[in-house]
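Peer 1: First, the structure itself, so that you have it in front of you.
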Amino acid sequence: SGTHPAIGAVDHVNVHPLRPSKDLKIAVEVAESIAERLASDLKIPVYLYGAAHPQGKGLAKGRRELGYFTSHKSQTLKKKAELKVIPDAGPRTNDPKKGVAMVGACPWVVNYNVPVACESLSQAQVLCDQIREAKGGLKGVQAMALKNENGIEVACNLLEIEEIGPEDVYQKLRAECEKLDGVEIKSPYVIGRFPKDVLSETLAALRENE
């Protein structure tokens, strides 16, 4: 059984600008439109974050408020009840078949996961603490240890890819693994694509249709 947290069927929608990479005006408009449709058409409670939130609340803070990081253990959102945290849009009562959704706008995020050969989730968490920005690690790196059908992995969000990319994270993890007995990193993988790849594919498609 997996340990990846979740708070709803939709769970999380993030709108990113491609270029300029940090110009969020249009991304915010799109995020607000998505939130409105989820709330009005599907009756899903929606919480905004990032540039789409009036006070710029971050994704991690919003998730903590909703119990996201312990959601795989908790029954909080698995039964119909009034929500303790008032949503920014949609009903105030949770439907356990749908859950809630977070919708936001922020610069491009790369999801970079590194499988780890180790005996326990706690060993992988030690690695996470070494690379997470919040713990004094690498700039713009969020990380958590997860267990799935393939074993244990360090799952990362890279928020500042122009400064800290997958190779930086890999080299840091490899160095930290060398300090631990019986811990080894395997082949990493990226979920999704990089902005430059999306732009290249889009331009190629447009040329084909000229």
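The values are calculated or read from the model by the stated rules, or taken from the named source; none is laboratory data. Treat the numbers as computed from the prediction; the structure is a model and nothing was measured. Note that each Cβ is placed from the backbone with ideal geometry, even for glycine, and that neighbours are counted across all protein chains shown. Just so you know, the surface numbers come from the protein's heavy atoms only, side chains and all, with ligands and any DNA or RNA stripped out. Shrake-Rupley method; radii C 1.70, N 1.55, O 1.52, S 1.80 Å.
Peer 1: If we keep just the residues of the range 34-55 that are surrounded by fewer than 24 Cβ atoms within 10 Å (Cβ to Cβ) and in a helix (DSSP H, G or I), which is nearest to the chain's Cα centre (by Cα)?
Peer 2: In this case the residue turns out to be Ile34.
Peer 1: Among (1) polar (S, T, N, Q); (2) at pLDDT below 95; (3) more than 30 Å from Asp197 (Cβ to Cβ), where does Ser21 come up short?
Peer 2: Checking Ser21 against (1) polar (S, T, N, Q); (2) at pLDDT below 95; (3) more than 30 Å from Asp197 (Cβ to Cβ), the one that fails is (3).
Peer 1: When the residues of the range 174-197 are narrowed to those that are aliphatic (A, V, I, L, M) and closer than 17 Å to Leu159 by Cα, which ends up nearest to the chain's Cα centre (by Cα)? Quick ask: steps written out before the conclusion?
Peer 2: Here is the first cut: in the range 174-197, the ones aliphatic (A, V, I, L, M) are 175, 180, 183, 185, 190-191.
So of that shortlist, the ones also closer than 17 Å to Leu159 by Cα come out as 190-191.
Numbers: Val190: 13, Ile191: 11 Å.
In this case the residue turns out to be Ile191.
Peer 1: In addition: Quick check on this structure: which one of Glu167, Glu162, Glu184, Glu149 is out of contact with any Asp or Glu (no Cβ under 7 Å at 6 or more places or on another chain) and without any contact (Cβ under 8 Å) to a residue 12 or more places away in the chain?
Peer 2: Working: Glu162 fails: without any contact (Cβ under 8 Å) to a residue 12 or more places away in the chain; Glu184 fails: without any contact (Cβ under 8 Å) to a residue 12 or more places away in the chain; Glu149 fails: without any contact (Cβ under 8 Å) to a residue 12 or more places away in the chain.
When all the criteria are applied, what remains is Glu167.
Peer 1: Checking the structure you have, find out if any residue of the range 78-93 is hydroxyl-bearing (Ser, Thr, Tyr), modelled with pLDDT of 90 or more and not in a loop (DSSP other than H, G, I, E, B). Outline the logic, then answer.
Peer 2: Start the filter on the range 78-93 by keeping residues that are hydroxyl-bearing (Ser, Thr, Tyr), which leaves 93.
Still in the list and also modelled with pLDDT of 90 or more: 93.
Add one more test, that the residue is not in a loop (DSSP other than H, G, I, E, B), and what stays is 93.
Yes.
Peer 1: Can you tell me which condition His72 does not meet? The list is (1) part of a loop (DSSP other than H, G, I, E, B); (2) modelled with pLDDT of 80 or more, and all the others hold.
Peer 2: Here His72 meets the rest and fails (2).
Peer 1: Within the range 1-33, can you find the residues that are open to solvent by 30 Å² or more (accessible area, probe 1.4 Å), part of a loop (DSSP other than H, G, I, E, B) and closer than 28 Å to Thr202 by Cα?
Peer 2: Scanning the range 1-33 gives Val10, His16, Leu18, Arg19, Pro20, Ser21, Lys22, Asp23, Leu24.
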